[in-house]
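Here the structure comes first, spelled out in structure tokens, and everything after it is commentary.
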Amino acid sequence: MSTSFSSLPIISLSSLSKASCDEAELLRLSAELDHVFSTTGFAYLTDLPLTYTHEDVFGICDEFFGPNGVSTEEKMKLAKRTFVPGNKNTYRGYFPPQQGSDNLKEGFELGTPSTLPSSSSPNPKFNLTEPNVFPSSQSFRTKCETLHTELQNLSTKLLSLLAVSLGKPSTFFENYLTNSLSTLRLLHYPPVPASRQQELICTPHTDSGILTLLHQDSTGGLEVLNSKNEWIPAPYVPGSVVVNIGDLMAKVSGGRWVATLHRVRAAKRNADQVKGRHSVPFFFEPGAECVVRSLDGEEVIYGKHVVEKMSGWVEFQDVIEEEESGLRGVPKAVEVY
């Protein structure tokens, strides 16, 4: 369980940008991450080993969602089959706002830039290893793929440090990297009209997977729940990304680490909020066939885990509900930000 924190800690990753980093520095950083995930479950990471700045990342969002971005017609050509039955993509691509949902957002997501070997899915409606789809702009595609690669590399370094903090070799999580399904999401929350009484644009949830890296804009709204049942604001810190772990990684640690509840509060519409809120979460995910083992011996095949969790993801909810009785009409939110 999380502790009674009143703000999120800040961890500098400057040592990861050095050509060489001594063992003492890495052990110190490993211990910091261990402490964070054992207490708050969340932290800000600064001095990032990324070439893309905060402005670069949200420039990509503007290229897709902005007034001069991708047209509605082209977006729907990229939409998942859930929304456009004639489209081939089932798991990657665009999803429009879910009308009537507390999680009123639109998004575009992609997986690894490389081609993944096909994998059998527990649910034939979804192909977890399908190729990405993109709008016609080659520049936009290149930027998305480069950002995905850089965040995957950063996640790999963090996993190494987390392995050490568990008393394991730094290579302990290497099998997670094979045919990784990691997802990069570009999200846009339209501004909530002043006439609409809506407190939240993302309802309380924990992430379901391994590790999340979040770029958030200056709009704010992210809140994290502490052990006193208080919602602690986590506003944007310049030059930072927010990191947290999911339910599966908490299990991997044998309960040592905590997946903390979080939500996003709606911003009041004003002159500064005409575009709404943008956020860019990156979800590190193992391969579909990866066997994820916890320290207490429990095993989960990751692809099966993902499909089971999809019943809680609003952009897939209608499809899952057609196959599972008793779920229709139940509001859910997982991994949205």
Seminar exercise, completed: So the FRET efficiency between THR46 and THR156, C-beta based with R0 = 25 Å and rounded to 0.05, is 0.85
Exercise. Hey, got the dipole for segment 173-265? About the Cα centre, +1 on K and R Cβ, -1 on D and E Cβ, debye to the nearest 20?
Worked result: 120
Seminar exercise, completed: Rounded to 0.05, the calculated FRET efficiency for the beta carbons of GLU230 and SER114 at R₀ = 56 Å is 0.85
Exercise. So what is log10(I(q)/I(0)) for segment 16-87 at q = 0.14, 0.20, 0.23, 0.26 1/Å, when the Debye sum runs over its Cα atoms only?
Worked result: -0.74, -0.91, -1.05, -1.16
Exercise. Given q = 0.14 Å⁻¹, what are the Debye log10 I(q)/I(0) values for segment 64-192, with equal point scatterers placed on the Cα positions and solvent ignored?
Worked result: -0.74
Exercise. Expressed as a rounded percentage, what relative contact order does segment 10-321 have, with Cα pairs under 8 Å and six or more residues apart?
Worked result: 22
For this session: Report, by chain and number, residues whose modeled amide H sits under 5 Å from the one on SER119, excluding near sequence neighbours (fewer than 5 apart, same chain).
Result: THR129
For this session: Quick one: which residues, 5 or more positions from ASP217 or on another chain, have an amide H under 5 Å from its amide H? H modelled 1.01 Å from N in the peptide plane, none for Pro or chain starts.
Result: HIS278
For this session: Quickly rank 16-28, 61-73 as a protection proxy: mean count of other C-beta atoms within 10 Å, highest first.
Result: 61-73, 16-28
Problem set entry | Calculated from backbone phi, Karplus (6.51, -1.76, 1.60) coupling profile of segment 223-229 in Hz, x at Gly/Pro | 9, 10, 8, 9, 5, 8, 6
Problem set entry | Using θ = phi - 60° and Karplus 6.51 cos²θ - 1.76 cosθ + 1.60, couplings along segment 70-79 (whole Hz; Gly, Pro as x) | 6, 5, 4, 4, 6, 4, 5, 5, 9, 5
For this session: Determine the alpha carbon to alpha carbon distance for each of LYS251/LYS309; LYS228/LYS309; LYS105/LYS228; LYS88/LYS143; LYS18/LYS168; LYS125/LYS157 and list only those over 22 Å.
Result: LYS228/LYS309; LYS105/LYS228; LYS88/LYS143; LYS18/LYS168; LYS125/LYS157
Problem set entry | Principal semi-axes in Å for segment 10-321 [√(5λ), Cα gyration tensor, largest first] | 29, 24, 20
Exercise. SER170 versus GLU289, label points 7 Å from Cα toward the beta carbon: distance in nm?
Worked result: 2.9
For this session: Along Cα→Cβ, 7 Å out, is where each label goes; now give me the distance between the ones at LYS88 and ARG141 in nm to one decimal.
Result: 1.3
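All of the numbers you see were taken from the coordinates with simple rules; none came from a lab. All values derive from a computational prediction rather than experimental measurement. Note: ideal-geometry Cβ built from the backbone for every residue, glycine included; neighbour counts use all protein chains shown.
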